[in-house]
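J.: This is the structure I want to talk about, given as structure tokens.
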Amino acid sequence: MVKLKKHKKIILFHLLVNVLVVLFITGASYIHVPLEGFKDTAIYLVHLCVLQITVAGFIYFLSLFKWVFRVLFSFLFVLYCLFSFWAYTQDMSITPSLLQAIFETKTDIAVDLITWPYVLFVSFSLLVLFFILKFHSKINYKQGWRVFIIPAILCLVAFFVMEKKRPGSLKNRLPYNLILGIDAFYEIPQLQLNHEITESVSNTESLKLVFVLGETVRADHLWLNGYERNTTPKLSEKNNLISFPKVFTKHTYTGASVPQILTNQDLTDTIGPYTSLYAIAQKAGYETTWIGNQTLEKSYAPVAETNKHILLVDEYKSEFSFAKALDEVMLQPMDSILRRSEKELITLHMIGSHWWYENRYTDQFRKYQPVIDSKYVPSLSAEQMINSYDNTILYLDTFLDNVINRLEKENVPTVMVYVSDHGEHLGENGKWLHAQAGDEVKNPAYLIWYSKSFQEKFPEKVHLLCDRSFNPTPTDVVFDHVLDLLDIEFKLRP
């Protein structure tokens with residue numbers, strides 16, 4: 001106790017610095033988390049404290065060196081404040097896409113983002129930084145280092161222990177997610193593509209296909225597939241709609257499933273290079289467009305970028321944001337793109353039914369209640385989780401109905417293909433969400449709708465799809481189905 005009193009000034013300095021870092025930086029990762037009740041709030045408060053304890057270890061080691069602290073800490077503090085403002089005010093996620101936009105945005109566009117609240121926040125952070133540096137210069141910052149060095153090391157170790165126990169629990173929040181975002185931005189994508197397409201031909205002069213790439217929708221929660229709730233009231237009334245209830249995948253998260261679906265990679269294949277669906281379609285004369293409501297991950301970005309046109313809506317907010325745009329915002333650009341050419345392949349990449357469910361639909365689809373009211377899953381009942389999830393399927397039903405309605409108005413043969421990247425655990429064996437083993441998460445929804453004119457032009461294709469729709473089928477078929485529906489024949493260099 002006597003030793004602690006002796007080092008009172010240093011202890012007070014570090015307490016104040018860490019409190020200020022919480023207020024200006026790390027707290028931004030928690031401000032938008034929806035919580036209900038004292039228990040939820042207490043749990044996330046503890047989580048914030050644990051995260052800040054790991055950061056405190058880094059701060060202590062920086063503080064031992066006068067100019068390292070003045071230069072490096074100052075730079076990092078201001079840099080993080082520049083990002084935390086957007087996390088606080090707009091729930092923006094620090095992703096490679098956001099960093100790319102920052103590095104590549106023209107000056108006149110960037111200036112428009114500098115608002116008075118932004119200037120005031122940064123100015124206040126500079127005043128706080130000045131206070132921190134002033135305080136640091138008045139203390140003997142190396143005093144008692146023998147006392148504090150072990151706790152500081154333990155703080156650093158705590159980060160790696162937590163990440164090993166629960167990967168992503170700390171690194172996906174400020175300040176660590178900025179480091180990860182920069183690393184991912186500069187990292188060369190692992191997916192290798194084969195661009196050697198020797199032949200790709202379509203004898204069809206006019207055909208439009210909208211490929212809807214869904215998120216986290218399991219096949220057995222569609223009323224079309226025998227689910228007890230009518231989660232697909234509009235799709236169930238559609239003619240010419242085929243469902244494939246027994247499609248399966250071994251991939252339980254987007255980073256692995258999407259590149260497999262969009263290329264000729266099969267479920268057992270681990271050696272590339274692979275060929276992009278869009279590269280083949282373009283060579284056959286199709287205009288290809290990617291409209292996404294998810295940021296492009298490095299795992300499938302090389303495939304998406306083989307499209308002729310790419311449009312990302314709400315690109316600065318990831319699936320982890322709680323103010324993410326609804327998927328319906330993609331319909332407006334789709335309308336204009338449909339009119340651009342007689343041969344179109346348009347991909348709509350949905351945020352779909354990704355957690356947090358309550359941010360994936362509007363009030364009118366809140367049919368099943370009670371719904372989830374906290375992000376902390378253990379505090380929720382199974383009924384709440386399933387109700388909210390099923391409400392996202394109701395929203396999906398209307399979204400796909402809107403896509404089909406637009407295609408029905410076209411004067412050329414049209415097709416809609418919908419496939420989810422994977423399913424979702426909803427309490428089976430005590431499991432929730434995805435990215436883990438289990439049959440429920442490996443059975444994604446898969447639907448194909450075709451227009452009357454398409455059926456008249458390609459009756460044999462329709463017959464074959466209907467005939468095989470109830471067979472157990474790997475997601476490998478999606479690549480082949482889309483190209484066959486586009487009436488494309490292709491050859492790859494051996």
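Rundown of residues vs (1) in contact with a Phe, Trp or Tyr (Cβ under 7 Å, 6 or more places away or on another chain); (2) open to solvent by less than 10 Å² (accessible area, probe 1.4 Å), yes/no style:
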position: Gln282; (1), (2): no, no
position: Gly292; (1), (2): no, yes
position: Lys317; (1), (2): no, no
position: Ser321; (1), (2): no, yes
position: Asn359; (1), (2): yes, no
position: Lys367; (1), (2): no, no
position: Asp373; (1), (2): no, no
position: Tyr389; (1), (2): yes, yes
position: Leu400; (1), (2): yes, yes
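J.: With the requirement that a residue be part of a helix (DSSP H, G or I), closer than 22 Å to Leu224 by Cα and in contact (Cβ under 8 Å) with a residue 40 or more places away in the chain, what does region 419-453 give you?
T.: Glu440, Val441, Lys442, Lys452
J.: Just checking, does region 434-441 include any residue being open to solvent by less than 30 Å² (accessible area, probe 1.4 Å) and in contact with an Asp or Glu (Cβ under 9 Å, 6 or more places away or on another chain)? Quick ask: steps written out before the conclusion?
T.: Taking region 434-441 and keeping what is open to solvent by less than 30 Å² (accessible area, probe 1.4 Å), we get 438, 441.
Cutting the leftovers down to in contact with an Asp or Glu (Cβ under 9 Å, 6 or more places away or on another chain) gives us 438, 441.
Yes, that holds for at least one residue.
J.: Using the structure shown, decide if Leu380 is within 21 Å of Ile31 (Cα to Cα), buried (at least 18 other Cβ atoms within 10 Å of the Cβ) and hydrophobic (A, V, I, L, M, F, W, C). Walk me through how you get there before you give the answer.
T.: Values: within 21 Å of Ile31 (Cα to Cα): yes; buried (at least 18 other Cβ atoms within 10 Å of the Cβ): yes; hydrophobic (A, V, I, L, M, F, W, C): yes.
So Leu380 passes the test.
J.: Condition (residue is under 30 Å from Lys317 (Cα atoms) and part of a loop (DSSP other than H, G, I, E, B)) applied to region 195-210: is it met by at least one residue?
T.: The answer is no, given that none of the residues of region 195-210 is under 30 Å from Lys317 (Cα atoms) and part of a loop (DSSP other than H, G, I, E, B).
J.: Can you tell me which condition Pro259 does not meet? The list is (1) modelled with pLDDT under 95; (2) in contact with a helix residue (DSSP H, G or I) (Cβ under 8 Å, 6 or more places away or on another chain); (3) open to solvent by 20 Å² or more (accessible area, probe 1.4 Å), and all the others hold.
T.: Condition not satisfied by Pro259: (3).
J.: Do the conditions hold for Leu345, that is, is it open to solvent by 30 Å² or more (accessible area, probe 1.4 Å), touching a residue at least 24 places away in the same chain (Cβ under 8 Å) and within 19 Å of Ile404 (Cα to Cα)?
T.: It is false that Leu345 is open to solvent by 30 Å² or more (accessible area, probe 1.4 Å), touching a residue at least 24 places away in the same chain (Cβ under 8 Å) and within 19 Å of Ile404 (Cα to Cα).
J.: Tally time: how many residues in region 367-402 are in contact with a helix residue (DSSP H, G or I) (Cβ under 7 Å, 6 or more places away or on another chain), among the β-branched types (Val, Ile, Thr) and in contact (Cβ under 8 Å) with a residue 24 or more places away in the chain?
T.: The total comes to 2.
J.: Of everything in region 35-64, what is open to solvent by less than 30 Å² (accessible area, probe 1.4 Å) and assigned to a loop (DSSP other than H, G, I, E, B)? Give them in sequence order.
T.: Leu64
J.: Give Val111, Val119, Val71 a once-over and let me know the one that is surrounded by fewer than 21 Cβ atoms within 10 Å (Cβ to Cβ), of a type in the set (A, V, I, L, M) and modelled with pLDDT of 90 or more. Spell out how you get there, then give the answer.
T.: Values: Val111 fails: modelled with pLDDT of 90 or more; Val119 fails: modelled with pLDDT of 90 or more.
Checking each option against the conditions leaves just Val71.
J.: Looking only at region 138-160, which residues are open to solvent by less than 60 Å² (accessible area, probe 1.4 Å) and among the polar types (S, T, N, Q)?
T.: If the condition is that a residue be open to solvent by less than 60 Å² (accessible area, probe 1.4 Å) and among the polar types (S, T, N, Q), then Gln143 is the only one that fits.
J.: Among what's in region 215-231 and is over 21 Å from the mean Cα position of the chain (by Cα), of a type outside the set (Asp, Glu) and in a helix (DSSP H, G or I), pick the residue that is nearest to Ile351 (Cα to Cα).
T.: Just the residues of region 215-231 that are over 21 Å from the mean Cα position of the chain (by Cα), to begin with: 220-231.
Filter once more, keeping what is of a type outside the set (Asp, Glu): 221-227, 229-231.
If we keep only those that are in a helix (DSSP H, G or I) as well, we get 221, 223-225.
Working: His221: 17, Trp223: 21, Leu224: 21, Asn225: 22 Å.
Among them, the one singled out is His221.
J.: Filter region 180-194 down to the residues that are modelled with pLDDT under 85 and outside any loop (DSSP other than H, G, I, E, B), then identify the one that is farthest from the chain's Cα centre (by Cα).
T.: Per the criteria, the residue is Tyr186.
J.: Can you tell me how many residues within region 232-256 are part of a loop (DSSP other than H, G, I, E, B), closer than 16 Å to Tyr418 by Cα and either out of contact with any Lys or Arg (no Cβ under 9 Å at 6 or more places or on another chain) or open to solvent by less than 30 Å² (accessible area, probe 1.4 Å) (or both)?
T.: 7
The values are calculated or read from the model by the stated rules, or taken from the named source; none is laboratory data. Just so we're clear, the structure is a prediction, and the values are computed from it rather than from any experiment. Backbone-built Cβ (ideal geometry, glycine too); neighbour counts: all protein chains shown. Side chains included, ligands, DNA and RNA excluded: accessible areas come from the protein's heavy atoms. Shrake-Rupley method; radii C 1.70, N 1.55, O 1.52, S 1.80 Å.
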